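Take a look at the structure set out below.
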Amino acid sequence: MTNRECFDRAKAVIPGGVNSPVRAFGAVGRTPRFLVKGEGDTVTDVEGRMYTDYVMSWGPLVLGHACKEVVRAVQDAASQGLTFGAPTVRETALCEEIAAAAPHMELVRLVNSGTEATMSAVRAARGFTGRDKIVKFAGNYHGHSDGLLVRAGSGCLTGAVPDSLGVPAAYAGQTLVAAYNDAESVRALFAEHKGEVACVIVEPVAANMGVVPPRDGFLQELRSLCDQEGALLIFDEVITGFRVAYGGAAARYGVRPDLAAYGKIVGGGMPLAAYGGRRDVMSCVAPAGGVYQAGTLSGNPVATAAGLATLRILRERREEIYPALEEKGAFLEEAFREAGVPVARVGSILTPFFAPAAPRSYEQACACDRAAFARYFSAMLDAGEYVAPSQFEAMFVSAVHTKEHLRQTAAAIGRAVCTARHDR
Ligand SMILES: *Cc1c(COP(=O)(O)O)cnc(C)c1O
């Protein structure tokens, strides 16, 4: 079967042919690759074509595809039973690993997706503070729960639907939208809604409108504004956790959130995520407290095995892995610079922007030349380089990307950027 045939078959039974919107390649006018295998830094599609992968499942695979230790842990766990709906010691061990890397995670609850993690953290913040309103930033993406799907990034931005249908206005009205990298906009919302805001939720490094690093002092200002207002600060570390540093963005920027959400890497490639933070706040979560949150498959034994194997490797080898990630990211950053494309990078996540400069705000990100990006994407794909099919996503570099592949990618970048510029 060809990719085209697979896609046609899928479209007959799945909305848009995919189970998550950006996979459809709609913004770049190509046919999605149906993948059959991942190994190290490569993926292979149904037509037998191999690509160097910079999507890496959108972040989880910091150790690459089919990492031996992780796969072995999953196989061992699976052979002992797929799910119990009863506690296992592995769940405790995984929460301990998260707390070891991020000391603000005093109590941790495991869930199944990043969407659930952020949604539940917001509920805990509301339960603890007794306030209803929340502040989020335009262009930040926190999954697809109702209250957070307001001026969202990622697929919403790619598909130009930053405000989803099906979200009741009364509910979306509880979400106040601030401007990323603009602490003044938060101060203004606090002033307008004095004593009503439960929390500020932020991607400490925005990575769903392309990578937009926090301005110097931005996260610190959010910390002190929240303290003054009695609101909680929630870091959405679903991408940045165990990625931009072993201790995530909180460690990299030295700011301690009250609550944080983790996903992607903490599941080691399986459906697992986590939220947690201050002991007094998290003590509000059932059965310890009155904020209800539950899950049949939460803390699933196979998923926790994958997460645990991944986090142990990251802890034991962090002094080697994180500098290597930094170096590989910097290598690709340089390739974009040489090609004359503005690029933003934090560690091993980076985005080339088809714009006069790398954006510092949502408005600037929205002004990128999407048609030029689409031409660049097509040229990369045809050269065997699998990058995200959207201007508003990150490139993910893993610990197993080889020097040889990185060099090939750098050469492909030079050619693809030329094509994007001249082929109109
Ligand atoms: C991916 C992502 C989410 C949502 O996680 P899912 O597992 O896709 O539900 C939330 N926040 C951020 C920052 C993300 O990148």
Exercise. Taking the stretch 375-423 only, how many residues are of a type outside the set (Gly, Ala, Ser) and without any contact (Cβ under 8 Å) to a residue 40 or more places away in the chain?
Worked result: 7
For this session: Mind checking which helices (runs of 4 or more DSSP H) fall wholly inside the stretch 24-132 and carry at least 2 residues that are within 30 Å of residue 257 (Cα to Cα)?
Result: 89-101, 114-129
For this session: Starting from the stretch 314-332, take each residue that is assigned to a helix (DSSP H, G or I) and list its partners that are among the acidic types (Asp, Glu), counting only C-beta distances under 9 angstrom and pairs at least six apart or across chains.
Result: 314/97; 315/97
Problem set entry | Search result, residues across the stretch 297-316 that are surrounded by fewer than 24 Cβ atoms within 10 Å (Cβ to Cβ) and of a type in the set (Val, Ile, Thr) | 302, 313
Exercise. Of these, 207, 152, 178, which one is touching a residue at least 60 places away in the same chain (Cβ under 8 Å), small (Gly, Ala, Ser) and in contact with a Ser or Thr (Cβ under 9 Å, 6 or more places away or on another chain)?
Worked result: 207
For this session: Return the total of residues in the stretch 5-28 being open to solvent by 20 Å² or more (accessible area, probe 1.4 Å), in contact (Cβ under 8 Å) with a residue 60 or more places away in the chain and more than 16 Å from the ligand (Cβ to nearest atom).
Result: 2
For this session: Please verify whether the stretch 252-264 includes one or more residues that are open to solvent by 10 Å² or more (accessible area, probe 1.4 Å), in a loop (DSSP other than H, G, I, E, B), touching a Ser or Thr at 6+ places or on another chain (Cβ under 9 Å) and under 22 Å from residue 119 (Cα atoms).
Result: no
For this session: Any residue in the stretch 50-78 that's not assigned by TED's automatic domain parsing to the domain that holds residue 211: show its pairings with residues that are within 16 Å of the ligand (Cβ to nearest atom) and of a type in the set (Lys, Arg) at Cβ separation under 9 Å, as long as the two are six or more apart or on different chains.
Result: 57/264; 58/264; 59/243; 59/264; 60/264; 61/264; 62/243; 62/264
For this session: Determine whether the stretch 125-137 contains at least one residue that is among the β-branched types (Val, Ile, Thr), in contact (Cβ under 8 Å) with a residue 60 or more places away in the chain and open to solvent by 10 Å² or more (accessible area, probe 1.4 Å).
Result: yes
Exercise. For residue 64, are the conditions met, namely being within 16 Å of the ligand (Cβ to nearest atom) and open to solvent by less than 20 Å² (accessible area, probe 1.4 Å)?
Worked result: no
Seminar exercise, completed: Residue pairs within 9 Å by beta carbon, gap of at least six or interchain, first lying in the stretch 250-267 and away from the ligand (no atom under 14 Å from the Cβ), second open to solvent by 10 Å² or more (accessible area, probe 1.4 Å) and of a type in the set (S, T, N, Q), listed first then second, are 253/220; 254/220; 255/220
For this session: Determine whether the stretch 30-49 contains at least one residue that is among the β-branched types (Val, Ile, Thr), crowded, with 18+ Cβ neighbours inside 10 Å and under 30 Å from residue 254 (Cβ atoms).
Result: no
For this session: Name the single residue, out of those in the stretch 138-148 being within 11 Å of the ligand (Cβ to nearest atom) and without any contact (Cβ under 8 Å) to a residue 40 or more places away in the chain, that is farthest from the chain's Cα centre (by Cα).
Result: 145
Exercise. In the stretch 133-176, which residues are under 18 Å from residue 211 (Cα atoms) and outside any loop (DSSP other than H, G, I, E, B)?
Worked result: 136, 137, 155, 156, 157, 158
Problem set entry | Residue in the stretch 284-296 that is least open to solvent (accessible area, probe 1.4 Å), counting only those that are assigned to a loop (DSSP other than H, G, I, E, B) and closer than 17 Å to residue 92 by Cβ | 295
Problem set entry | Identity of the residue in the stretch 336-383, open to solvent by less than 10 Å² (accessible area, probe 1.4 Å) and within 19 Å of residue 399 (Cβ to Cβ), that ends up nearest to the chain's Cα centre (by Cα) | 349
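The values are calculated or read from the model by the stated rules, or taken from the named source; none is laboratory data. Since this is a predicted model, take the numbers as computed values, not measurements. Backbone-built Cβ (ideal geometry, glycine too); neighbour counts: all protein chains shown. Keep in mind that these areas ignore ligands, DNA and RNA; they rest on the heavy atoms of the full protein, side chains included. Shrake-Rupley method; radii C 1.70, N 1.55, O 1.52, S 1.80 Å.
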